[in-house]
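Quick notes on the structure that follows.
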Amino acid sequence: MDDQSASMTFSAAFNALFLVYTALFSARFFAVVLALTSLDASALAQRVQPGFPRRGMALFLFVAGFGAMLVWTSELLTPLLAGTAPEVLGPYTTLFTHGLDLAVIVPTTVLTGILLLQRKPFGYLLAAPLLVLISLVGVVVIAQAVSQTLAGLIFPIGVYIGMVGTWIVLGAFAVGLTVAFFRHLSEHVHLSD
C-alpha cells in the first residue's frame, strides 16, 4: 500500500485537502481488506457457540467507530470551513491519529459490525483484534492521564470526563466483550451461533 495518499495523509502539512487525502488512503486500504475477504475465515465462524454476543459486539463497534469519527471530525470541520488550522494541530504539520483513525479504524469497526450482523466469517476474524485494540486504548489512556498529571500537565475537568472517561468506559466494555468472544468459541465446529 505504498501510495501517495498515505504519505499525504500522514506527513503532509495540514491543509484544506486533508479529508480528501484521508478518504483516498482509506479507499485504497479497504480495497486490500476486501481482497482479503476471499480468505477462508469460516473455520473460526464454525467454532462460534450458541449465545455468542454478535449483536452486542456489533452495536459496540458501531458506537466506538462512529464515536471516534464524531470526535475527530468535530475538531476538524469548523477550522476547515473557516480556512484555518485546527487548534489540536499545535506545532505539528498533520494530525496522524485523526488521519489513521478516520481512514482505517473507523471504517474497520463499522465494517466489522456489519459483517458480524450478517454472520460473515470475516466479521468474527476482525472482531477479536479490534476488541483487543480498544481494550488496550482504554489502558493506554489511563496511563497517559496519570503520567501527564504527574508531569504537571493538567487538563480541564471536561477533558478528563469526556475524552479520558469515554475511552476508559469503551475499554472496559471491550475487555468484557473480548472475554465473551473467547468464551463463546469451542474447539469443535458448530453449525450456527
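Do we find that L115 is in contact (Cβ under 8 Å) with a residue 40 or more places away in the chain, surrounded by 12 or more Cβ atoms within 10 Å (Cβ to Cβ) and among the hydrophobic types (A, V, I, L, M, F, W, C) in this structure?
no
Among (1) surrounded by fewer than 20 Cβ atoms within 10 Å (Cβ to Cβ); (2) in contact (Cβ under 8 Å) with a residue 12 or more places away in the chain, where does L102 come up short?
Failing condition for L102: (1).
From the set of residues in the range 42-52 that are crowded, with 18+ Cβ neighbours inside 10 Å and of a type outside the set (V, I, T), which is modelled with the lowest pLDDT?
Looking only at the range 42-52, we keep the residues that are crowded, with 18+ Cβ neighbours inside 10 Å, and these are 45, 48, 52.
Add one more test, that the residue is of a type outside the set (V, I, T), and what stays is 45, 52.
Values: A45: 85, F52: 94.
Among those that are crowded, with 18+ Cβ neighbours inside 10 Å and of a type outside the set (V, I, T), it is A45.
Quick one: in the range 61-88, which of the residues that are farther than 20 Å from V169 by Cβ and touching a residue at least 60 places away in the same chain (Cβ under 8 Å) is surrounded by the fewest Cβ atoms within 10 Å (Cβ to Cβ)?
For the range 61-88, the residue satisfying everything is G83.
Can you pull out every residue in the range 139-167 that is modelled with pLDDT of 90 or more and either of a type in the set (F, W, Y) or closer than 19 Å to V63 by Cα (or both)?
Within the range 139-167, V139 is the sole residue that qualifies.
Can you name the number of the only condition in (1) more than 18 Å from F181 (Cα to Cα); (2) in a helix (DSSP H, G or I); (3) free of Cβ contacts under 8 Å to residues at least 24 places away in the same chain that P129 fails?
Failing condition for P129: (1).
Which ones in the range 14-33 are small (G, A, S) and either touching a strand residue (DSSP E or B) at 6+ places or on another chain (Cβ under 9 Å) or surrounded by fewer than 17 Cβ atoms within 10 Å (Cβ to Cβ) (or both)?
Within the range 14-33, A16, A23, A27, A31 qualify.
Can you find even one residue in the range 172-179 that is of a type outside the set (V, I, T) and either touching an Asp or Glu at 6+ places or on another chain (Cβ under 8 Å) or more than 27 Å from L115 (Cβ to Cβ) (or both)?
Initial filter on the range 172-179 (of a type outside the set (V, I, T)): 172-174, 176-177.
The next check asks that each one be either touching an Asp or Glu at 6+ places or on another chain (Cβ under 8 Å) or more than 27 Å from L115 (Cβ to Cβ) (or both); those that pass are none.
Checked the range 172-179: no residue is of a type outside the set (V, I, T) and either touching an Asp or Glu at 6+ places or on another chain (Cβ under 8 Å) or more than 27 Å from L115 (Cβ to Cβ) (or both).
Only one of F173, F182, F122 is loosely packed, with under 12 Cβ neighbours inside 10 Å and in contact (Cβ under 8 Å) with a residue 40 or more places away in the chain; which?
F182
Would you tally the residues in the range 83-119 being assigned to a helix (DSSP H, G or I) and charged (D, E, K, R)?
Looking only at that region, the number is 2.
The values are calculated or read from the model by the stated rules, or taken from the named source; none is laboratory data. This structure is a prediction, so every number in the text was calculated from the model and none was measured. Glycine gets a Cβ as well: all are built from the backbone with ideal geometry, and neighbour counts include every protein chain shown.
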